[in-house]
Amino acid sequence: MKILSLHQIREADCFTIEHEPIASIDLMERASRAFVNWFCKSFETGDYKVKVFCGLGDNGGDGLAISRMLHPLGYDVEVYVVKYSSKESDNFNININRLKTQIEVNVIDDEQFTLSLNSGDIIIDALLGSGISRSIEGLLKTVVEQINKSEAMIISVDIPSGLLADKPNNQSDTIIKAFHTVSFQVPKLAFMLPQNAEFVGNWHIVDIGLHQTFINKAEVVFFYSTPQEVEKLIKPRAKFSHKGTYGHALLIAGSYGMMGAAILSARACMRSGVGKLTVHSISSGLPILQTVLPEAMYWEVLNDDKFLTTDFKIEDLNSRFQAVGVGPGIGVYEETGISLIKLCRLCKELVIPMVLDADALNIFASQFGDDFTNEIPENSILTPHPKEFRNLVNQSWNNDYEKLELLRKLAIQNKLIVCLKGANTAIALPNGTIHFNSSGNAGMATAGSGDVLTGIITALLAQGYSPDEAAILGVYMHGKAGDIAAEKFGMTSMIASDIIENIRF
Ligand SMILES: NC(=O)C1=CN([C@@H]2O[C@H](COP(=O)(O)OP(=O)(O)OC[C@H]3O[C@@H](n4cnc5c(N)ncnc54)[C@H](O)[C@@H]3O)[C@@H](O)[C@H]2O)[C@@H](O)CC1
Ligand SMILES: [K+]
């Protein structure tokens, strides 16, 4: 699903009005109806009040239309218009006249006004929408602060009032803290970013019928990968296939005291459909690996019992492996760094796709400095978490928008696929697009979870998925497995092994 910029959302509105064609006020009516349908599905009528706070622009117009629609359905609706200016939008004025025949409208025009809000109330926030052009101040600020202080459930129309849709707010900005945000047609970039989680809450998209021709043509940088879109990438297994059909993966993982990382990534790799798997690890880890994962083959490090010191040769890899995953638990020993560079150079020469994770990234950051990307083959997949990412790019950021730009730059300049892990993992592709993942939960913030992801993506590469597909599908399936695990064990109790057991291709 495309994430349109604010400018494109405006254009989509105008295009729809002109080409459907539909009057602006009727489009607002359709948007408000879509909100009301969501609301009625989510909340039955009951012994509580729905308090709708409206601004003076089109977001306020939505609030008025929503109030008019909810009232006859049996909801106990109270309407408040915050008169922070003398200018109202045309659609606001039409809707206030339509509403006045039905419900009394309370006007707030004095900063001394104290709102009476109860914990059982539902507040609908229609103060400001995507048209916000400056920080909230004065009367609006007082109202938003009182709403945020209340214990009522807050539901924002389109976007939490005060939040900018696609650029950073000032840290001191006053913004509604919604429990739900019900947004029109497309998610806003702001919803994807950790810094806005406390304002956006749980977000939902409702279809308001903006013109598909415009949306299809719109060129965008950001995408939200819906489950339907991603699951379409899964290749069915052919009836007459054999293990050779699904590739041979090499996983390089584990060191002294870190064999768990090797086990987790290897198990996840096997569960993700790879034909054959060889794990390259220290010899003292071999008995453990062979016991827990008899399905895999092992290639031990000969000289060392603690870490990887392999002098990789072309014949070790040539015509043997379709994908190489490296990093989980390998440690950041200098000797391992030397082996890693040899490996990368060979993979580059033989054009074997790579996944680089965890300690492989830490080695690059600590031993190779800013030039680290020179050694990494093009189209490799990197899977850093934010701290690893910061070390890799050797730069910090002031807000999540700057972080996204650094991510994009890394992917474009070095032709890499970089998966920045976290809620809504952001996957940056060499073509400059960023794809936000839709699956997963906070229970996945647990040791070993990243090792599992490395195993999954390596398996997909070995099966012939393109690096772009392997990253997007792998991250999604990892999150989906985490969601199933969370349902079974609870977010707090689930562990990385539970994610593996619930991988479902
Ligand atoms: N245009 C359309 O066809 C549709 C618009 N819709 C609604 O329209 C909204 C956008 O409407 P608007 O562009 O009128 O935007 P708003 O409703 O956000 O209102 C913006 C107005 O408030 C003023 N303003 C901006 N920042 C302010 C601030 N910090 N303090 C006080 N005043 C401020 C602006 O000058 C402008 O007049 C969407 O979020 C959505 O809710 C929907 O009804 C769907 C269809
Ligand atoms: K709003």
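The figure for D359 is an accessible area of roughly 30 square angstrom, using a 1.4 Å probe on the protein chains alone.
For the chain, the longest principal axis of the C-alpha atoms and the axis of helix 24-42 are separated by about 70°.
Of the residues I427, I94, ranked by 1.4 Å probe accessible area with the largest first, the sequence reads I94, I427. Each Lys and Arg contributes +1 and each Asp and Glu -1, all at the Cβ; summed about the Cα centre of the chain, the dipole is approximately 1100 debye. Accessible area per residue for segment 2-219, computed on protein heavy atoms with a 1.4 Å probe, is 45 Å².
Structural size metrics of segment 247-349, computed from C-alpha coordinates, are Rg and Dmax of 12.5, 34 Å. Across the accessible surface of segment 230-501, with the other protein chains kept in place and a 1.4 Å probe, carbon and sulfur atoms take up 51 percent.
Applied to segment 109-115, the Karplus parametrisation 6.51 cos²θ - 1.76 cosθ + 1.60 on θ = phi - 60° returns per-residue 3J(HN,Hα) values of 10, 9, 5, 7, 4, 10, 7 Hz, with x for Gly and Pro.
Between helix 6-19 and the chain there is an angle of about 60 degrees, using the helix long axis and the longest principal axis of the Cα atoms. Listed by chain and number, the aspartates and glutamates placed with their C-alpha closer than 14 angstrom to that of K421 are D357, E388, D400, D451; residues fewer than eight positions away on the same chain are left out. The residues of segment 230-501 present an accessible area of 41 Å² per residue when probed at 1.4 Å with all protein chains retained.
Whenever you get a sec, line up R237, R98 from highest to lowest accessible area (probe 1.4 Å, protein heavy atoms). Working shown, then result.
Values: R237 135, R98 90 Å².
Ranking R237, R98 by accessible area, largest first, yields R237, R98.
Shown for segment 2-219: the carbon plus sulfur share of the solvent-accessible area, taken with all protein chains present and a 1.4 angstrom probe, equals 47%.
May I ask which of K2/K480; K49/K141; K51/K403 have a Cα-Cα span longer than 28 Å here?
K51/K403
Could you state, as a whole-number percent, how many of the C-alpha pairs of the chain are farther apart than 43 Å? If you can, show how the numbers build up before the last one.
Values: 36103 of 127260 pairs.
Of the Cα pairs, 28 percent sit more than 43 Å apart.
Computed per residue of the chain from DSSP H runs no shorter than four, each worth -39500 (n - 2.57), the mean residue ellipticity at 222 nm is -12000 deg cm²/dmol. Pull up the cross-link candidates among the lysines for K243, meaning alpha carbon to alpha carbon under 23 Å and not fewer than 8 places away within one chain. The qualifying lysines are K232, K235, K276.
Both radii come from the Cα set of segment 434-505: Rg as radius of gyration, Rh as Kirkwood radius; their ratio Rg/Rh reads 0.97. In plain terms, the chain from E349 to E151 could stretch by 65.2 nm, reckoned as 0.36 nm per residue minus the Cα-Cα distance.
Peptides 297-304, 3-10, 58-65, 240-247: what's the order by average Cβ count within 10 Å, highest mean first? Let's see the in-between values first.
Values: 297-304: 15.9, 3-10: 18.2, 58-65: 27.4, 240-247: 12.2.
My ranking of the peptides, most packed first, is 58-65, 3-10, 297-304, 240-247.
Relative to the longest principal axis of the Cα atoms of the chain, the long axis of helix 259-271 makes an angle of roughly 70 degrees.
Which pairs, out of K306/K348; K100/K217; K41/K177, put more than 32 Å between their alpha-carbon atoms?
The answer is K100/K217.
Remark: the I338-D110 segment gains 75.1 nm on full extension, using 0.36 nm per residue and subtracting the alpha carbon distance.
The values are calculated or read from the model by the stated rules, or taken from the named source; none is laboratory data. Given the structure is predicted, the values throughout are model-derived calculations rather than measurements. Please note: Cβ atoms are built from the backbone with ideal geometry, for glycine as well, and neighbour counts cover all protein chains shown. Keep in mind that these areas ignore ligands, DNA and RNA; they rest on the heavy atoms of the full protein, side chains included. Shrake-Rupley method; radii C 1.70, N 1.55, O 1.52, S 1.80 Å.
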